[in-house]
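Just below is one structure, and these are the notes that go with it.
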Amino acid sequence: MKKPALIPALAGVLPVATVFAAYALNRYVGTELEPRFTCNPYVDGCLSISRAVRSGPGLHLFRAVMLPCAMLLFLSWSMVRDWLLCIGACRPRRAAVVFWLGAVGALFLVLYVTWLGTEGEWYKWLRRYGVTVYFGGTSLAQLLLVWVLWPQRGRLAGGRLRGLVVALTSLVVLQWFLGVASVAKRLLLDDPDLVDRIENLIEWYYGLPMALVLVVVALMFVRTGFGYRARANR
């Protein structure tokens, strides 16, 4: 994979791998705030991502990797903006909106990671809005990217992006379906424990398609020969 494509690929894969590694580390050694984890969150919905990594050695690993990941995410959306202009997919204003939505999400990820594991209502507020805006900004940026690419899937790059645009759209649709399901669960279910478990499951599975979107973007860069020279010549 060419070097420019490595940036979005890493921005997609590293956060998922880091959460998994941090949870595995806390599960193995236990934490000061939590007993040793023994469940599988992808099956049991036993805990949220924040609870899995908010203390112990897993927290240090999570912070150490996720802060650089936020920078990779910011750079990825900057490259997406340039790539959209290089292939003639949209006007500069629309490409800029895609970038700023994604960039705001990346900046609020820094806010969330920085204050994760701290105590106090103010820090709790910072974490809550940090993760909410991160997910919201990133999801909206991905949705707008689909809105730009889907109508042109057969034209762009001589049709070479058709399959990747379909894959991108499927991943984004899955994310929004999970998001709607997360909102609807409290309207349809009365059992608080079941609601919490479903919410945890949705949270863990929501991150997978979000990460894969950036891998698909990296493949689009490769498919169209996008690189730093192309960016300079746009």
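The values are calculated or read from the model by the stated rules, or taken from the named source; none is laboratory data. It should be emphasised that the depicted structure is a prediction, and the values quoted were computed from it without experimental measurement. Note that we place each Cβ from the backbone using ideal geometry, even for glycine, and neighbour counts take in every protein chain shown. Heads up: the accessible areas ignore ligands, DNA and RNA and are worked out on the full protein's heavy atoms, side chains in. Shrake-Rupley method; radii C 1.70, N 1.55, O 1.52, S 1.80 Å.
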| Isolated Cys residues of the chain, judged by Cβ distance under 4.7 Å to other cysteines | 69, 86, 90
| Angle between the chain longest axis and helix 121-149 axis [Cα atoms, degrees, rounded to 10] | 30
| message | Along the charge dipole of the chain, pointing to its positive end and built from +1/-1 on Cβ of Lys, Arg, Asp and Glu, which listed residue (137, 177, 25) has its Cα farthest out? | response | 137
| request: Take the chain, connect every pair of alpha-carbon atoms lying under 10 Å apart with a spring to form a Gaussian network, then pick out the residue of 74, 221, 177 with the largest mean-square fluctuation. | output: 177
| If you take the beta carbon distance between residue 191 and residue 38 as r and set R0 to 22 Å, what does 1/(1 + (r/R0)^6) give as a FRET efficiency, to the nearest 0.05? | 0.45
| request: Classify the chain as rounded, prolate or oblate, taking a ≥ b ≥ c as the square roots of the eigenvalues of its Cα gyration tensor: rounded when a/c is under 1.5, otherwise prolate if a/b is larger than b/c and oblate if not. | output: prolate
| note | Computed from the beta carbon distance with a Förster radius of 35 Å, FRET efficiency for residue 91 and residue 50 to the nearest 0.05 stands at 0.35
| If R0 is 25 Å, what FRET efficiency do you get for residue 13 and residue 222 from their C-beta distance, rounded to 0.05? | 0.95
| Pairwise label distance in nanometres, residue 205 with residue 107, each label 7 Å out on the Cα-Cβ vector | 3.4
| Looking only at 152, 175, 142, which one moves most when the chain is put into a Gaussian network model with springs between Cα atoms under 10 Å? | 152
| query | Got a sec to turn the phi values of the stretch 172-178 into Karplus ³J(HN,Hα) couplings, 6.51 cos²θ - 1.76 cosθ + 1.60 with θ = phi - 60°, whole Hz, x for Gly and Pro? | reply | 5, 4, 4, 4, 5, 5, 5
| remark: Residue-ordered couplings for the stretch 58-67, obtained by feeding phi - 60° into the Karplus form 6.51 cos²θ - 1.76 cosθ + 1.60 and rounding to whole Hz (Gly and Pro as x), are x, 5, 5, 5, 4, 5, 4, 9, 6, 5
| Which percent of the accessible heavy-atom area of the chain goes to carbon and sulfur, probe 1.4 angstrom? | 65
